[in-house]
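Readers should treat all values here as calculations from the given coordinates under stated rules, not as data from a laboratory. Given the structure is predicted, the values throughout are model-derived calculations rather than measurements. Glycine gets a Cβ as well: all are built from the backbone with ideal geometry, and neighbour counts include every protein chain shown.
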């Protein structure tokens, strides 16, 4: 991706989703690009999809999920770019698949979904800074939910193996605390 577009996307995210960018999205990009090195994929597609995967959160129309609103918003953002139609379709598919119940179909979709999930494990402490729950018990339940959901969504086995120890360590702490309350 050219530096101008990358800068524009990061500025957009810092303006509209600063907390999410600082606590989650930047790590999804880092992880996605790292995983992508092991595959024959278009790095620009991976980077763009990772940057924009949550752009639709809190912007949903009635009946729309955030991955659907993210695709809609991304279509507008990418309209005036140099991406080919094939690249755009892959980006949209990655955004739609990142939190879908369906198994990702392409390797690009698997990478973005695994990066999204992995950020909730590898950078769990930063991810927890986004928690809006007020009580201790609610925060604990939220942390466990996103730790589990994140780990469960990693479909790239080699990456899953990389984060398994961190997942187990955090999960053990949560379980110990949960058992005491």
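Test of understanding: in a Gaussian network model of the chain with alpha carbons linked when under 10 Å, which of 165, 76, 11 would top the mean-square fluctuation ranking?
76
Going by how many other Cβ atoms sit within 10 Å of their own, how do 94, 131 line up, fewest first?
On the way: 94 31, 131 14.
Taking fewest neighbouring Cβ atoms as first place, the list is 131, 94.
Students often get this wrong, so try it: which of (i) 17.3; (ii) 19.8; (iii) 16.7 is Kirkwood radius over Cα pairs in Å as calculated from the structure shown?
(iii)
Within a 10 angstrom radius of the beta carbon, how do 64, 20 rank from fewest other beta carbons to most?
Details: 64 14, 20 19.
Least crowded to most crowded, the residues run 64, 20.
So how do 62, 14, 96 line up by other beta-carbon neighbours within 10 Å, fewest first?
On the way: 62 4, 14 14, 96 20.
Ranked by crowding around the Cβ, least crowded first: 62, 14, 96.
Would you mind pulling out the separation of the Cα centroids of the range 57-84 and the range 140-181, in Å?
30 Å
For a protection proxy built on the mean count of beta-carbon atoms within 10 angstrom, sort 123-130, 111-118 highest first, please. Please report the intermediate quantities before stating the final value.
Working: 123-130: 16.0, 111-118: 28.1.
Most protected by this proxy first, the peptides run 111-118, 123-130.
Modelled label-to-label distance, residue 164 and residue 84, 7 Å Cα→beta-carbon offset: nm?
3.8 nm
Please give the calculated 222 nm ellipticity per residue for the chain, where each DSSP H segment of at least 4 residues contributes -39500 (n - 2.57) and the sum is spread over every residue; nearest 500 deg cm²/dmol? It would help to have the intermediate numbers written out before the result.
Numbers: 9 runs with 123 residues, N = 181.
The helix contribution divided over the chain gives -22000 deg cm²/dmol.
So if we plug the beta-carbon distance of residue 76 and residue 157 into 1/(1 + (r/R0)^6) with R0 = 41 Å, what FRET efficiency do we get, rounded to 0.05? Kindly include the intermediate steps, with their values, before the conclusion.
Numbers: r = 35 Å, r/R0 = 0.86.
Once rounded, the FRET efficiency stands at 0.70.
So, in nm, how far is label residue 178 from label residue 136 when the simple model puts each one 7 Å beyond its Cα toward the Cβ?
1.7 nm
Taking only Cα atoms and a 10 Å spring cutoff, compute GNM fluctuations for the chain and point out the largest among 166, 71, 133.
133
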